[in-house]
């Protein structure tokens, strides 16, 4: 996992298309950013910050316990487990609790503009193998939420490299109003 810290430096260029719903297939990063709304640009920045911190945690400790980020204006606040390590719930259980906690914060604090959640996640590949990576959901009160998956791919030397980032819109937002919109569109 030593290479993850080095590869994190390249993250800024890898994350630029995170929310590129209308970004051109080719072109410079400045051109892509100019075509995004200010909300989408802010979501990109929050996603980059969270993924960068996730990779740093993986590099330093070999793992990642789920955490969230909340942004109000220019102020970003981290939300994570604050108890004793020996009393920490399993990662999946904490991730579920954190999701609900973030949603509650979004309801109680209308001044919060954006929220994001980050955790390690394994996806199933077509061949039955699993790929480990950083999973993130980024949500803005005024823009559709996105899920991002950055694979950590083991190379022939047994070291991890960053894979190709996958991102897609989701109906299950951190802000409750996005979840209600998704339910309404399902009917």
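The values are calculated or read from the model by the stated rules, or taken from the named source; none is laboratory data. This one's a predicted model, so the numbers in the text were calculated from it and none came from an experiment. Here the Cβ is made from the backbone with ideal geometry for all residues, glycine too, and neighbour counts use every protein chain on show.
With respect to the conditions (1) modelled with pLDDT under 95; (2) touching a helix residue (DSSP H, G or I) at 6+ places or on another chain (Cβ under 8 Å); (3) within 25 Å of residue 166 (Cβ to Cβ), residue 125 falls short on a single one, namely (2).
Residue 18 falls short on exactly one of the conditions (1) touching a helix residue (DSSP H, G or I) at 6+ places or on another chain (Cβ under 7 Å); (2) at pLDDT 90 or above; (3) not in a helix (DSSP H, G or I), and that condition is (2).
Every residue in region 96-118 that is crowded, with 17+ Cβ neighbours inside 10 Å and in contact (Cβ under 8 Å) with a residue 40 or more places away in the chain, please. Hits for region 96-118 are 99, 102, 103, 106, 112, 113, 114, 115, 116, 117, 118. Confirm whether residue 153 is touching a strand residue (DSSP E or B) at 6+ places or on another chain (Cβ under 7 Å) and either more than 17 Å from residue 44 (Cβ to Cβ) or exposed (fewer than 13 other Cβ atoms within 10 Å of the Cβ) (or both). Considered against the rule, which asks whether it is touching a strand residue (DSSP E or B) at 6+ places or on another chain (Cβ under 7 Å) and either more than 17 Å from residue 44 (Cβ to Cβ) or exposed (fewer than 13 other Cβ atoms within 10 Å of the Cβ) (or both), residue 153 comes out as yes. Could you please find all residues in region 160-180 being assigned to a strand (DSSP E or B), loosely packed, with under 15 Cβ neighbours inside 10 Å, under 15 Å from the mean Cα position of the chain (by Cα) and in contact (Cβ under 8 Å) with a residue 24 or more places away in the chain? The answer is 169, and nothing else. Considering only region 119-129, I want to know if a residue exists there that is more than 17 Å from the chain's Cα centre (by Cα), more than 15 Å from residue 47 (Cβ to Cβ), surrounded by fewer than 21 Cβ atoms within 10 Å (Cβ to Cβ) and touching a residue at least 12 places away in the same chain (Cβ under 8 Å). No, region 119-129 has no match at all. Restricting attention to region 75-95, the residues that are surrounded by fewer than 12 Cβ atoms within 10 Å (Cβ to Cβ) and farther than 22 Å from residue 173 by Cβ total 7.
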